[in-house]
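A.B. asks: Provided herewith is a single structure, encoded as structure tokens, for subsequent inquiry.
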Amino acid sequence: MNFLQETAKGFFWTIGFVVISLGMYFIYSISIRAYLDSEYKEDMYKDHIGSHSDSLDLLEPEFIGYVIDGEKIVISSKAKNVNVFGNKFFLRLNIFTNNKDYPVHTCVQPLIVESGNPEYVFYQTICDIYLFDPSNIEKIEARIGMNTTRGLYDL
């Protein structure tokens, strides 16, 4: 009888070990699969963005000038008229002040035709300036970005 009890005890220990091992394997494999899936989606997303960045060089965004109007700044800019992007892309205007390597303010303008000629589209973007002193503006840089489901992506 003692032999039968020891055999049953060993059998249940084996069953418990197998159940725990299989559970750990499934949890580990699910988490690894989710991680690999998210990495794949991120790579595909970056490839998609990269495929557009070559064609966006055609837009050649350019800062023209700015005027301070009370608590706002009106920024004039232009880009080449391509008429194929719609509101998926935007013009990002980074405002730099004295001795700063990073923008102190960023304004966003959708690339929708407001006025222009067959070659260029001109934009006037109104930005609030309550966060910085407008007399310290050193430069304004125009860049193209993409409006995605993950937010605004700078190209």
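The values are calculated or read from the model by the stated rules, or taken from the named source; none is laboratory data. What you see is a predicted model; the values in this text were computed from it and never measured. A quick note on method: Cβ atoms are made from the backbone with ideal geometry, for glycine too, and the neighbour counts reach across all protein chains shown.
A.B. asks: Could you list all residues from the stretch 113-155 that are modelled with pLDDT under 70 and in contact with a helix residue (DSSP H, G or I) (Cβ under 8 Å, 6 or more places away or on another chain)?
C.D. replies: 147, 148, 150, 153, 155
A.B. asks: May I ask you to list the residues in the stretch 32-59 that are over 14 Å from the mean Cα position of the chain (by Cα), of a type in the set (Asp, Glu) and modelled with pLDDT under 80?
C.D. replies: 54, 57
A.B. asks: Same structure, new question: Within the group 63, 90, which residue is modelled with pLDDT of 80 or more, farther than 15 Å from residue 146 by Cα and part of a strand (DSSP E or B)? Before the answer, list the steps.
C.D. replies: Numbers: 90 fails: farther than 15 Å from residue 146 by Cα.
The match here is 63.
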